[in-house]
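Structure, as structure tokens:
The values are calculated or read from the model by the stated rules, or taken from the named source; none is laboratory data. None of the values given here were measured: they were computed from a predicted structure. Heads up, the Cβs are rebuilt from the backbone with ideal geometry, glycines too, and the neighbour counts pull from every protein chain shown.
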């Protein structure tokens, strides 16, 4: 499989610097031949991809679903602190 991504120059520079330091190609940094990582590079985009690949079954009790439906149908009125914050941003 081939995966392409557009990343900011700063992250591309970090990958290139790491590749130069380790004497590897950028491809070897991104797609190592063994499972033993020498260095780990984490970015929000890569983290999102990693999370998307880890499927987990989520079990939510029926009572929690009912509570969420009720809150959506009739949300609580905003408190004084929220109204004050909204007023500050309205100006």
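Among the residues of segment 15-32, those identified as more than 16 Å from residue 4 (Cβ to Cβ) and outside any loop (DSSP other than H, G, I, E, B) are 16, 17, 18, 19, 20, 21, 22, 28. With respect to the stated conditions, residue 41 fails to be assigned to a helix (DSSP H, G or I), modelled with pLDDT under 80 and surrounded by 11 or more Cβ atoms within 10 Å (Cβ to Cβ). Restricting attention to segment 3-20, which residues are within 18 Å of residue 49 (Cα to Cα) and surrounded by 10 or more Cβ atoms within 10 Å (Cβ to Cβ)? Across segment 3-20, the qualifying residues are 5, 7, 8, 11, 12, 15.
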